[in-house]
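What follows is a single structure, written as structure tokens, with notes after it.
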Amino acid sequence: MKTLILALSLAASAASAAADTPAERTQVINVATYNLRLNTPDDKANAWPHREALVKALIQYHELDLVATQEGLIEQITALESMPGWGRVGVGRDDGARGGEHAAIFYRKARFKVERHGDFWLSATPDKPSISWDSRCCNRLTTWAQLKDLITGRSFLVSSSHFDHEGEVSRRESAKLLVARLDGLLRACAALAA
């Protein structure tokens, strides 16, 4: 079985648009990343209660299969998870459970099976909720999942990250950590597939 690397990029969108035959279209994976913007009343007319139905409609309209999110609080995460046929992986950045913003990954359960998943913090102590380097605001994390495509039988790795918005050192070190962790996960994924 081949291991695929899924890059959340515009290239994936362009490739999916190029699928011409029915067989090619069944192998296309429609992917999006979406910063949900936390639910805060300060946003007034743009607060989550006014956006929830629009976000769900957007996911349905584009027939998305995978959605990597950032900034979702637990009430936003559970609202999206309540869409029929959808599952989710990911924890809150503050406590490794439900607290704080999530970098959750949503997937269509009819299309994918979760083989493994996890989370790590973008810090010098990545295995626990933490903040470091020159970050001042808050914990940042990455959620990852190894998914099996139930149409093709192939497994691949997908991740969702939310980098620090202030600390230049934090962004640089977070990128290094992300590459190192994903490289290790890809190697393990390839070893499982062999």
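For Asp134, what residues show an amide H to amide H distance below 5 Å, using hydrogens built from the backbone and excluding near sequence neighbours?
Result for Asp134 returns Val169, Ser170.
Amide H to amide H under 5 Å from Arg116: which residues, 5+ apart in sequence or cross-chain, H placed 1.01 Å off N in plane?
Gln146
Is the shape of region 94-141 best called rounded, prolate or oblate, per the rule: a/c under 1.5 gives rounded, else a/b larger than b/c gives prolate, else oblate, with a ≥ b ≥ c the square roots of the Cα gyration tensor eigenvalues?
Details: a/c = 2.97, a/b = 2.34, b/c = 1.27.
Verdict is prolate for region 94-141.
Note down the net charge around Asn46, summing +1 for each Lys or Arg and -1 for each Asp or Glu among other residues with Cβ under 13 Å from its Cβ.
Working: positive: Arg37, Lys44, Arg51; negative: Asp42, Asp43, Glu52.
In short, 0.
Which residues does a label at Val114 reach in region 54-98, if reach means a backbone N under 12 Å from a point 7 Å past the Cα toward the Cβ?
81, 86-92
Does region 69-194 come out rounded, prolate or oblate by the C-alpha gyration tensor, with a ≥ b ≥ c the root eigenvalues, rounded set by a/c under 1.5 and, if not, prolate when a/b is larger than b/c and oblate if not? Working shown, then result.
Details: a/c = 2.62, a/b = 1.31, b/c = 2.00.
Oblate, since a/c reaches 1.5 and b/c is not below a/b.
Below 15 angstrom from the Cβ of Gly99, what's the summed charge of the other residues (Lys, Arg +1; Asp, Glu -1)?
Details: positive: Arg93, Arg98, Lys128, Arg140; negative: Glu71, Glu75, Asp94, Asp95, Glu101, Asp119.
So the environment of Gly99 carries a net charge of -2.
Which ³J(HN,Hα) values in Hz, rounded to whole numbers, follow from the phi angles of region 36-47 under the Karplus curve 6.51 cos²θ - 1.76 cosθ + 1.60, where θ = phi - 60° and Gly and Pro get x?
5, 6, 3, 7, 9, x, 4, 6, 6, 5, 9, 5
For Lys56 and Ala124 in one chain, what is 0.36 nm times their gap in residues minus the Cα-Cα distance, to one decimal in nm?
Details: separation 68, 0.36 × 68 = 24.48 nm, distance 3.56 nm.
Value of the extension gain: 20.9 nm.
Bear in mind that the values in this text are calculations on the coordinates, not laboratory data. Here the structure is a predicted model, which means the values were calculated and not measured. Glycine also receives a Cβ, built like all others from the backbone with ideal geometry; neighbour counts cover every protein chain displayed.
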